[in-house]
Amino acid sequence: MRLIFLKRIIAPRAWLQARSFSSPAVQEDDEYTASPQYPPILDLSYKKKLDRRFEENSTEIRNVKTVEEKQLKLNMPRYYGFKTFVFHEDHIPYNCLPIAQHITKTHLIQGKELPAYYQNVSTENLETIAKDIEEAVLMELEGIRKSYELREENLEDHDKANLHASAIVKSLSRILNNSLAHQYPHIADSQVDIEPRLEAAWRVGGMVPPNEVKRVRAGHHFFKQFENDPIDRVIGYLGAPILTLRSQLPLPSIISASEAENPALEVPFFKYDPRVIGIPVEYRHAANIPGFWPGDSHTFGLISFLKTGHLKKRSVVYPGEENVTEALNVQGVLASYAWLHSQANYLGFTTLNDLTYPLVTQTVLTNGQDFKFFTYQLNTLLMHGNHTTENPKRNVCWTTDNVKLYAEINDGKIVGLNEDVLKMLLQFYGNAPAERLGINMRPYLSQEEKIIADYEDDDKRQWLEREYKYIMTNRPRLQPIDEIYAWEKIYKIDHKTRPMDKRLRFFELFKKPWTKRLDERPARYIPKACRPDLPKYKGRMAKEYWP
């Protein structure tokens, strides 16, 4: 009886004492809500999990502060670079216009004239400029001929065409800049780059997987159902225009955002492996270089001139006017997209984070005599994964027919100077960039630090710049990527005839060297002489600032 009595007395006191030392409990009014709050219901299927993981990666890249750190974050998954299908400016395989439109999601509009938008651009100085251009063309062609005759060099046709194009384009740019600078302030303020480096890299989906991927999928009971599902490919572009012009403000858009979603703007769908048309594959980092480094005030491209001398060699293998026209269209579409894509990366957008406003550029292809004009509007960068079919936006490219600047040169005089070509050149130069009112041009960059030069920490700034420049150079690593030798494939993998050998190779340890990340490398060692104030076991490795 006494034990029961003591239990009745002690239990309430202990309970009150425990309540006095505990944190405030949830009030009964806060415990219930007017409507039930349920956790989000997620689709747990394999594809949906991959989509969410990919979306999380895109969000992480979008939240990175600076331009350079975004590029490092893009390259983070691959220490040795991505397996990239590289398109070169001067190498255009046969019948590759469909894949060029697919990997850039471009609708091509071909006509005899430029879009109606250019009718509002003045060409009043045409007659005065025509005389100066005629004299400049004669002087350049005669100067090239004499200089190479004196050196007794026998140049091939494509080299001659490139020399003519380079010399004439530089003279045309000089004349047009000097003649129009007083009329158009944007020309006087523009930056001119001679043979800049142009490089771009982006992801494209919708292509069938290669045989090795199919074989791996088919060998697993769970992944067998996804054996033929398309995969993403990394596309790279390398080029070097003759000359480019850049400004501080972007060119006005040709069509609106709603018009860019018009389903009538058809884009060919190319589902095959790019190697079927002869596109080479190599491991490269995803570099986006529009001809200048981040931090330049003139970020937006106005005009780029490209040489077409490589078509002289191509026409021998693939003769016909149709093949030449197709090759010119491929070169114009890829060069225009790559230049705008790399510019968009400097504005904070990436292949995983779409544009919030369109970008426009103008491209001219020439061999010195034949000219072809392109106007390209970039509306979207998303073309990977499900965006290949679900993204309604299209990029649009307008192009003219291939026209001649002059018919021929007879007795030191130009015969048949085509004023239509000069008119289109004037319209390209006279197309003035304008400020986009009410639009944040760099929505995914920090307000305080847009580039790494804005960081106050010297060590962080220098470390990031060194790593960024190294990645963008695409130099090979000191230690090349591991490979499986032929004898290992025969004796260790296929037939397993060497069971007593030590298992030291990566395929025996179930490692994949090509999936090594950038931040998995050892940090730089600091010698003891450079850290005298620290114990021996401290400060051996330099601090790293991976985004």
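By per-residue mean of other Cβ atoms within 10 Å, what is the highest-first order of 224-237, 34-47?
Details: 224-237: 17.5, 34-47: 7.3.
Output ranking for 224-237, 34-47: 224-237, 34-47.
Pairs to check: Lys112/Lys372; Lys47/Lys73; Lys83/Lys516; Lys131/Lys170; Lys105/Lys404. Give those whose C-alpha atoms are more than 21 Å from each other in this structure. Mind showing how you got there, number by number?
On the way: Lys112/Lys372 10 Å; Lys47/Lys73 24 Å; Lys83/Lys516 13 Å; Lys131/Lys170 16 Å; Lys105/Lys404 30 Å.
In this structure, Lys47/Lys73; Lys105/Lys404 lie more than 21 Å apart at Cα.
Between region 97-149 and region 215-262, how many Å separate their Cα centres?
The two parts, judged by their Cα centres, are 28 Å apart.
With volume of the Cα convex hull per residue in Å³ defined as stated, name the option among (1) 154; (2) 331; (3) 183 computed from the structure displayed.
(2)
What residues qualify as long-range amide H neighbours of Thr123, i.e. H under 5 Å apart, gap of 5 or more or another chain, H built at 1.01 Å from N?
Excluding prolines and chain starts, which carry no amide H, there are no hits.
Just from the alpha-carbon atoms, what are the Rg and Dmax of region 231-315 in angstroms?
When restricted to the Cα atoms of region 231-315, Rg and Dmax are 17.4, 42 Å.
May I ask you to derive the FRET efficiency for Glu156 and His182 from their Cβ-Cβ distance with R0 = 45 Å, giving the value to the nearest 0.05? It would help to have the intermediate numbers written out before the result.
Values: r = 42 Å, r/R0 = 0.93.
Efficiency at R0 = 45 Å is approximately 0.60.
For Leu422, what charge total do you get from the other residues with a beta carbon under 11 Å from its beta carbon, if Lys and Arg give +1 and Asp and Glu give -1?
Details: positive: Lys131, Lys423; negative: Glu127, Asp132, Glu134, Glu419, Asp420.
Computed value for this residue: -3.
State the percentage of accessible surface on the chain attributable to carbon and sulfur atoms; use a 1.4 Å probe and exclude ligands, DNA and RNA.
On the chain, the fraction of accessible area on carbon and sulfur atoms equals 52 percent.
What FRET efficiency, computed as 1/(1 + (r/R0)^6) with R0 = 22 Å and r the Cβ-Cβ distance, is obtained for Ala486 and Glu508, rounded to the nearest 0.05?
Computed FRET efficiency for Ala486 and Glu508 comes out at 0.85.
Over the chain, calculate the relative contact order: mean separation of alpha carbon pairs under 8 Å at least 6 apart, over the residue count, as a percent. Could you put the intermediate results ahead of the total?
Working: 836 pairs, mean separation 129.4, N = 547.
Across the chain, relative contact order equals 24 percent.
Please compute the per residue accessible area over the chain with all protein chains in place, 1.4 Å probe, rounded to a whole number of Å².
On the way: 30720 Å² over 547 residues.
On a per-residue basis, 56 Å².
For Leu445, what residues show an amide H to amide H distance below 5 Å, using hydrogens built from the backbone and excluding near sequence neighbours?
Placed amide hydrogens put nothing under 5 Å from Leu445.
Quick one: net charge around Asn329, please, counting Lys, Arg +1 and Asp, Glu -1 for every other residue with C-beta under 13 Å from its C-beta.
Numbers: positive: Lys372; negative: Glu321, Glu322, Glu326, Asp401.
Value of the local net charge: -3.
Using 0.36 nm per residue, how much length does the chain from Ile194 to Glu408 gain when fully extended, once their Cα-Cα distance is taken away? Numbers along the way, then the final one.
On the way: separation 214, 0.36 × 214 = 77.04 nm, distance 2.76 nm.
Gain in length upon complete extension: 74.3 nm.
Starting at the first residue of region 249-257, write each ³J(HN,Hα) from the Karplus equation 6.51 cos²θ - 1.76 cosθ + 1.60 with θ = phi - 60°, in whole Hz, x for Gly and Pro.
Whole-Hz 3J(HN,Hα) from phi for region 249-257: 10, x, 6, x, 6, 7, 10, 7, 5.
Based on the Cβ-Cβ distance of Val213 and Ser297, what FRET efficiency does E = 1/(1 + (r/R0)^6) give at R0 = 41 Å, to the nearest 0.05?
Numbers: r = 45 Å, r/R0 = 1.10.
That pair, Val213 with Ser297, gives E of 0.35.
The values are calculated or read from the model by the stated rules, or taken from the named source; none is laboratory data. All figures in this text were calculated on a predicted structure; none of them were measured in a lab. Don't worry about glycine lacking a Cβ; one is built from the backbone with ideal geometry, like all the others, and counts go over all protein chains shown. Remember, those area values only see protein heavy atoms, side chains included, never the ligands or the DNA or RNA. Shrake-Rupley method; radii C 1.70, N 1.55, O 1.52, S 1.80 Å.
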